[in-house]
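**Q** Sharing a structure below in structure tokens format, with a few things to ask.
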Amino acid sequence: MSRRMALPVAAGAAVLVGAGAYALAYAGEQPPALTHSAARYTAPEGGRDGSLTFTTYVTASSGVENVKVLAWPQNSSLAENKLTAKDMAAAEPAVCKPFKKHTAACTYTVTTTAADAESSPRGVWHVAVLATARNGTTLLDAQAADFLVK
């Protein structure tokens with residue numbers, strides 16, 4: 001290889017290596033991401049309890065540490081005051097199982113009794129999710145999914 005070609009090739013290689021290192025470092029700091037989030041509410045009926053089931057896939061380059069879930073009615077103080085990670089501290093955990101290398105399939109299920117349903121506000125409800133990655137980054141999605149209580 002001639003000297004005139006060697007210098008541009010070496011410079012190009014250095015740029016590619018630097019860009020690759022930057023991309024890897026940047027990817028490692030990304031917060032978790034939610035996909036395919038869905039909520040299903042079944043009202044209690046005929047002496048049988050109902051349930052709320054929420055499912056989502058959580059992807060985090062460092063791995064998924066935990067996922068917390070909170071169902072809240074649209075017509076509540078949480079709609080006026082923006083939900084925070086601090087509000088989610090007491091939320092219940094979802095059960096997460098590895099799905100792919102950096103993705104976990106998470107499910108949250110809670111039973112609803114007739115008394116629960118009777119005392120719950122009617123209308124649209126939202127499911128809030130706080131996902132925490134192993135590297136400490138978080139994602140708060142205050143309206144990851146919706147469901148209707150009739």
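We did not get these values from a lab; they are worked out from the coordinates using the rules stated. Only a predicted model underlies this, so the values are computations on that prediction, with no experimental measurement involved. Cβ atoms come from the backbone with ideal geometry, glycine included; neighbour counts cover every protein chain shown.
**Q** How much net charge surrounds Leu52 when only other residues with a Cβ under 14 Å from its Cβ are counted (Lys, Arg +1; Asp, Glu -1)?
**A** The answer is -2.
**Q** Let me ask something else. Quick one: which residues, 5+ away or cross-chain, put their amide H under 5 Å from the amide H of Val64? H built at 1.01 Å from N.
**A** It is Arg134, by chain and number.
**Q** Right, next: For the pair Arg48 and Ala89, what calculated FRET efficiency results from E = 1/(1 + (r/R0)^6), where r is the Cβ-Cβ distance and R0 = 30 Å, to the nearest 0.05?
**A** According to the calculation, E is roughly 0.35.
**Q** Among all the lysines, which ones have a C-alpha under 26 Å from Lys82's C-alpha, if same-chain residues fewer than 8 places away are not counted?
**A** Within the straight-line limit of under 26 Å, Lys82 reaches these lysines: Lys68, Lys150.
**Q** While we're looking at this one, here's another question. What dipole magnitude, in Debye to the nearest 20, does the stretch 33-150 give about its Cα centre under +1 on Lys/Arg Cβ and -1 on Asp/Glu Cβ?
**A** With Lys and Arg at +1 and Asp and Glu at -1, about 440 debye.
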